[in-house]
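The values are calculated or read from the model by the stated rules, or taken from the named source; none is laboratory data. Note that the coordinates shown come from a computational prediction; the quantities given were computed from them, not determined experimentally. We place every Cβ from the backbone using ideal geometry, glycine too, and count neighbours over all the protein chains shown. Ligands, DNA and RNA are excluded from the accessible area calculation, which covers all protein heavy atoms including side chains. Shrake-Rupley method; radii C 1.70, N 1.55, O 1.52, S 1.80 Å.
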Amino acid sequence: MRRAIASIAVAVAIVSLTACGIRIPPIDPNPDSDKGSPVTGTELSTLDADGIARILDAKKARFDMSAGTIDKSVLGLPADEYAPDVQSRDGLISLEIVGPQGSVEASTDRIRFFTTDAQPDVDRITYFLVANSTDAFFELLRDASDSYGLDRAAVEDWIDSVAADADGVSDFSFAPGVKVGLNVNYDVRYDESAAVQVAIVDVYPVD
């Protein structure tokens, strides 16, 4: 009963103060929560020495191209510097590039960033994909069609052509898919006799 009376008294006091023009902030239901903590999974990678070390240690990299280009200051770089490559020699890096309508996700051992010393931002990210068999490589391209919007008919036509080619060799660049709001271009280096098949993937803003 005393608690109920006290609650009523507090409510009356708040109403009285509000009527006098004094604003009462809402009560925080989680008073012990840390309001300064970043939201899990939203951290972005940087390309300064410490940032590259964290990428290589965690084998994770995340960049935000949802606004198009990435300002060098966001990447921890001076405006007059080039962006360094990130290359892992002991495992693949889990890469995420956030776009306006979705994300590009991949596992790669090398990431490149295109800019100049006179350019204040990075306008293209390139990474490399490999497959250990032809079937795995074909599925990689079909997955890119589903996820990023590569033209499925073009993918299947290319697969049919290299399967019928006696040499089994092809260098081919697919028209970019734009499903995530970014251009995602697959440039393939295919050799049926090679141990691995390679795709060079370019990600850059849609004009």
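Key figures for this structure:
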{"item": "Residue check, Tyr186 open to solvent by 40 Å² or more (accessible area, probe 1.4 Å), within 24 Å of Ala61 (Cα to Cα) and in a strand (DSSP E or B)", "result": "no"}
{"item": "Members of the range 76-110 found to be of a type in the set (Val, Ile, Thr) and within 13 Å of Ile125 (Cα to Cα), listed by number", "result": "Val86, Ile97, Val98, Val104, Thr108"}
{"item": "Selected residue (only one of Asp157, Asp167, Asp191, Asp202 is surrounded by 13 or more Cβ atoms within 10 Å (Cβ to Cβ) and either among the β-branched types (Val, Ile, Thr) or farther than 30 Å from Glu81 by Cβ (or both))", "result": "Asp191"}
{"item": "Yes/no for Ile55 being touching a strand residue (DSSP E or B) at 6+ places or on another chain (Cβ under 9 Å), more than 23 Å from Ala144 (Cα to Cα) and at pLDDT 95 or above", "result": "yes"}
{"item": "Count of the range 80-90 residues which are touching a Ser or Thr at 6+ places or on another chain (Cβ under 9 Å) and open to solvent by less than 60 Å² (accessible area, probe 1.4 Å)", "result": "3"}
{"item": "First in the range 90-119 and modelled with pLDDT of 95 or more and of a type in the set (Lys, Arg), second anywhere and open to solvent by 60 Å² or more (accessible area, probe 1.4 Å) and part of a strand (DSSP E or B), Cβ under 7 Å, 6 or more apart", "result": "Arg110/Gln87"}
{"item": "Enumeration of residues in the range 112-130 that are not in a strand (DSSP E or B) and not β-branched (Val, Ile, Thr)", "result": "Asp117, Ala118, Gln119, Pro120, Asp123"}
{"item": "Of residues in the range 119-140 being surrounded by 14 or more Cβ atoms within 10 Å (Cβ to Cβ) and not hydrophobic (A, V, I, L, M, F, W, C), the one nearest to Ala199 (Cα to Cα)", "result": "Tyr127"}
{"item": "Selection within the range 170-183 - part of a loop (DSSP other than H, G, I, E, B) and open to solvent by less than 30 Å² (accessible area, probe 1.4 Å)", "result": "Phe174, Val180, Gly181"}
{"item": "Of all residues making up the range 46-75, the number that are more than 17 Å from Asp123 (Cβ to Cβ) and either open to solvent by 20 Å² or more (accessible area, probe 1.4 Å) or in contact with a helix residue (DSSP H, G or I) (Cβ under 7 Å, 6 or more places away or on another chain) (or both)", "result": "14"}
{"item": "Pairs where the first residue, in the range 124-148, is of a type in the set (A, V, I, L, M) and the second is part of a helix (DSSP H, G or I), C-beta under 7 Å, 6+ apart", "result": "Leu129/Leu140; Ala131/Phe137; Ala131/Leu140; Leu141/Val155"}
